[in-house]
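Note sheet for the following structure.
The values are calculated or read from the model by the stated rules, or taken from the named source; none is laboratory data. For clarity, every value in this text was computed on a predicted model and none was experimentally measured. FYI the Cβ positions are ideal-geometry reconstructions off the backbone, even for glycines, and counts take in every protein chain you see. Heads up: the accessible areas ignore ligands, DNA and RNA and are worked out on the full protein's heavy atoms, side chains in. Shrake-Rupley method; radii C 1.70, N 1.55, O 1.52, S 1.80 Å.
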Amino acid sequence: MKKIAMLLLLGAMSMTFNAAQAHGNTKPEHGGLIQIDGDMSLELVVGKDGAELYVLDDDDELPSADLSGKLTITSKGTKSEALLKPAGANKFEAKGVKIPSGSTVIAMVVLKDKTSKVSASFTTR
């Protein structure tokens, strides 16, 4: 009976691991926070001079030059927005934006077809 329970547990763990790996990278490549939306991975990096957002589609860089986006920041009941500007490869920048620790940041990216959107919500540390 113990062997059957162990096999069922291992099988369930294997399925969970495979499901987690099926939709993009969950490890930050730039020291930021990662969120997944379908096959897309968004990594938000908050710095003292602004924020960066990196976008991957099934672990492949999605060129930011073909995209547009914005950040919506909510901190202590105050909401603000910052435009994301393409900054080469799969990177966006929002220079000068201040994102205090504990803020909720919603990143929204409009894809190349101009109708599809990807979004993710982050809570900064």
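The residue that is nearest to Gly69 (Cα to Cα), counting only those in segment 80-113 that are in a loop (DSSP other than H, G, I, E, B) and among the β-branched types (Val, Ile, Thr), is Val97. Inside segment 61-94, residues that are without any contact (Cβ under 8 Å) to a residue 40 or more places away in the chain, open to solvent by less than 30 Å² (accessible area, probe 1.4 Å) and touching a Pro at 6+ places or on another chain (Cβ under 7 Å) make up a count of 3.
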